[in-house]
Every structure is written in C-alpha cells, then in structure tokens.
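Visitor: This is the structure I want to talk about, given as structure tokens.
The values are calculated or read from the model by the stated rules, or taken from the named source; none is laboratory data. Fair warning: this is a prediction, and the values are worked out from it, not measured in the lab. Ideal geometry is used to build each Cβ from the backbone, glycine not excepted, and the neighbour counts take in all protein chains shown.
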Amino acid sequence: MWLHTSCELAFEIALPTPFVLMLRPRSGAQQWIAREEYRLTPSVPVIEFTDGYGNLCQRLIAPAGAFSVCTAAEVETADHIDQAPGAPFVDVQRLPDAVLSYLLPSRYCESDRFGLMAAEIAGDTPPGYDQVQAIVDWLQSHIDYRPGSSDLPLSAVEVNLRQSGVCRDLSHLGIALCRSLSIPARMVVGYLHNLVPMDLHAWFEAYVGGRWYTFDATQTVMRGGYVAIGYGRDAADVAVYSQFGPAVYPSSQLIQVQRIEAHATDPS
C-alpha cells in the first residue's frame, strides 16, 4: 500500500538549543520511500549523519523563539505483515555479528532480570517464532495498553510492576523477555496506518528463522501499514528528537498517516 506520512513539531525555544532529530524514514526490505519533504522554520544549518543502527539523523541548533520541524513522505509499504509460525530459533553462534548487540540487556530492557519469567511464559513452545508469539499473547492478556498514559519511558521491570503502559512500554517488556530466551529483539519507532489515537508508534522486531519479524502487542490483529523511522536497543536509541540543555517540549504536535492510491509520478 501507498501511504502519506507527516509529522509536525512546534517548539518555543528560550535559548539556542542543540537538537538531534530522527525523523527521516529510509528505504529497506519492507518499505520504499518515493518522495520526502523536510522543512525547518526558521531555516538553520543541518548536518546529517547515520547512527550506529543505520538511522538517518540530523544535527542542528534551534534558535531562540518559535521553531518548527515539518516532515512528510510518500511510502510504499507492505499490505500484510510477514508471519512465520514455526520459524526456528537461531543459535547464538550462528547469528550475524550486527545482531549480537540485540541480545544484551539495555537501559530500558533489563533482560537479565527476566530469565525465569520468560521461560515460564514460553513453556513447551517450540524455540523461535512461536516463543515470541507466546510472549506477545502474554503481554496482551496481562499488560493493559493505555495510550497517552505515560510521557517518560518505563523500563521493562517498571512495566511489569505497573501492569500497564503505552506502546513503547509494552515493547520494552516484550524485548526483554525475548532476549532472556537468547532471541535478539530490537525496538522500532515510526508510523502505523489507522492507529487510534493517531500518534507516533513503537513496536518490536525479533530475529528468528534468519531474519527480523514484526511483533506488536498493542494490536489484536497484525496488518500492513507500518512505516519505520528508527531502530535501536530500546527507547534511548530511537528518540525522534533529543535536545540538550534546559528541557524543551513540543508546544504542539500533529501526526498524520493517510492512504493514497499510488505515488504521484511527474508526467514530464
């Protein structure tokens, strides 16, 4: 399907403030970026770089006063999410080097604290994809998904204690449980068509059967329409904006995802 995605963030800046933004999706196996717009008001110099996880990031200094970031893209993404029940567990010694870091505990995914719990949830489930699906089923039945209930990231331990959270929080717990079973797992942030309420979204991917598969405990039925912006170990790696100095928060935010018939090609 073809989607038009857009994100508008407005800030009131008291002092010149350094920002690192992560708002540009890039083409990959599951999505193709056909057209992009990226506007800063007022316009300021920007340096773009690729971080250690392959995400496109922009460095800038926002001037004092009103400052806004507006991005948009036309994206071709999968109509359906690939699912592979029975896909096997990949032995750690056979994992690609780039995947190994997603086995380790991280700031918000304390996988070294969930070994017994993960083993209990997985039970006699065949190792691999089916174990991850068992974790998602457990999250959906035990953790209350509450959009808008949390502004600050919660760690997997905190989510398990609270028994509720936003999409980012459920992903943290799912990732930690997967890693406790030696299944690499990573967080993804981006857009989801028909998400209610509409906002930026977070889900996770697990590496089984020789590739990454998408899992989302906030959705009862997996469907197409995901557009990834950033990948990382947890929320600390995939913030769509990071600012340094006195805290700055958006004075307004508008996220939109609309289905379009096809990418409008230039007739010339």
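Visitor: Given (1) modelled with pLDDT under 95; (2) within 18 Å of the chain's Cα centre (by Cα); (3) surrounded by fewer than 14 Cβ atoms within 10 Å (Cβ to Cβ), identify the lone condition not met by residue 79.
Guide: (2)
Visitor: Give the residues of the stretch 7-59 that are of a type in the set (S, T, N, Q), part of a strand (DSSP E or B) and either farther than 17 Å from residue 257 by Cα or over 16 Å from the mean Cα position of the chain (by Cα) (or both), sorted by residue number.
Guide: 17, 41, 50, 58
Visitor: For residues in the stretch 247-263 being in a loop (DSSP other than H, G, I, E, B) and surrounded by 12 or more Cβ atoms within 10 Å (Cβ to Cβ), which is modelled with the lowest pLDDT?
Guide: So, considering only residues that are in a loop (DSSP other than H, G, I, E, B) and surrounded by 12 or more Cβ atoms within 10 Å (Cβ to Cβ), the one modelled with the lowest pLDDT is 263.
Visitor: If a residue must be part of a strand (DSSP E or B) and among the charged types (D, E, K, R), how many such residues does the stretch 73-93 contain?
Guide: Residues flagged as part of a strand (DSSP E or B) and among the charged types (D, E, K, R) within the stretch 73-93 amount to 2.
Visitor: Somewhere in the stretch 196-206, is a residue more than 25 Å from residue 50 (Cβ to Cβ), touching a residue at least 60 places away in the same chain (Cβ under 8 Å) and more than 15 Å from the chain's Cα centre (by Cα)?
Guide: Within the stretch 196-206, none of the residues are more than 25 Å from residue 50 (Cβ to Cβ), touching a residue at least 60 places away in the same chain (Cβ under 8 Å) and more than 15 Å from the chain's Cα centre (by Cα).
Visitor: Here is a follow-up. When only residues in the stretch 156-183 that are under 15 Å from residue 136 (Cα atoms) and outside any helix (DSSP H, G or I) count, which is nearest to the chain's Cα centre (by Cα)?
Guide: Here the answer is 166.
Visitor: State which residue pairs qualify: first residue assigned by TED's automatic domain parsing to the domain that holds residue 212 and inside the stretch 92-118, second residue surrounded by 16 or more Cβ atoms within 10 Å (Cβ to Cβ) and of a type in the set (Asp, Glu) in any location, beta carbons under 7 Å apart, and separation of 6 or more residues or different chains.
Guide: Pairs found: 106/234; 107/234; 108/234; 109/234.
Visitor: Hey, residue 209 hits all of (1) at negative phi; (2) outside the structural domain of residue 12 (by TED's automatic domain parsing) but one; which does it fall short on?
Guide: For residue 209, the failing item is (1).
Visitor: For residues that are at pLDDT 95 or above and of a type in the set (S, T, N, Q), scanning just the stretch 7-45, find the one that is farthest from residue 58 (Cα to Cα).
Guide: Residue satisfying both the conditions and the ranking: 31.
Visitor: Which one is farthest from residue 252 (Cα to Cα), of the residues in the stretch 9-30 that are touching a Leu at 6+ places or on another chain (Cβ under 6 Å) and buried (at least 17 other Cβ atoms within 10 Å of the Cβ)?
Guide: Per the criteria, the residue is 24.
Visitor: Restricting attention to the stretch 36-63, which residues are loosely packed, with under 13 Cβ neighbours inside 10 Å and not β-branched (Val, Ile, Thr)?
Guide: Listed by number, the residues that qualify are 37, 39, 42, 43, 45, 48, 49, 52, 54.
Visitor: Looking only at the stretch 146-180, which residues are modelled with pLDDT of 95 or more, surrounded by fewer than 24 Cβ atoms within 10 Å (Cβ to Cβ) and among the small types (Gly, Ala, Ser)?
Guide: Scanning the stretch 146-180 gives 155, 164.
Visitor: What single numbered condition from (1) under 23 Å from residue 190 (Cα atoms); (2) surrounded by fewer than 18 Cβ atoms within 10 Å (Cβ to Cβ) fails to hold for residue 106?
Guide: Result: residue 106 fails condition (2) only.
Visitor: If you don't mind, another one. What number of residues within the stretch 28-50 are touching a residue at least 60 places away in the same chain (Cβ under 8 Å) and either polar (S, T, N, Q) or over 21 Å from residue 78 (Cβ atoms) (or both)?
Guide: Count: 2.
Visitor: Still on this model: Counting only residues that are part of a helix (DSSP H, G or I), in contact (Cβ under 8 Å) with a residue 40 or more places away in the chain, buried (at least 18 other Cβ atoms within 10 Å of the Cβ) and out of contact with any Phe, Trp or Tyr (no Cβ under 8 Å at 6 or more places or on another chain), how many does the stretch 136-145 have?
Guide: 1
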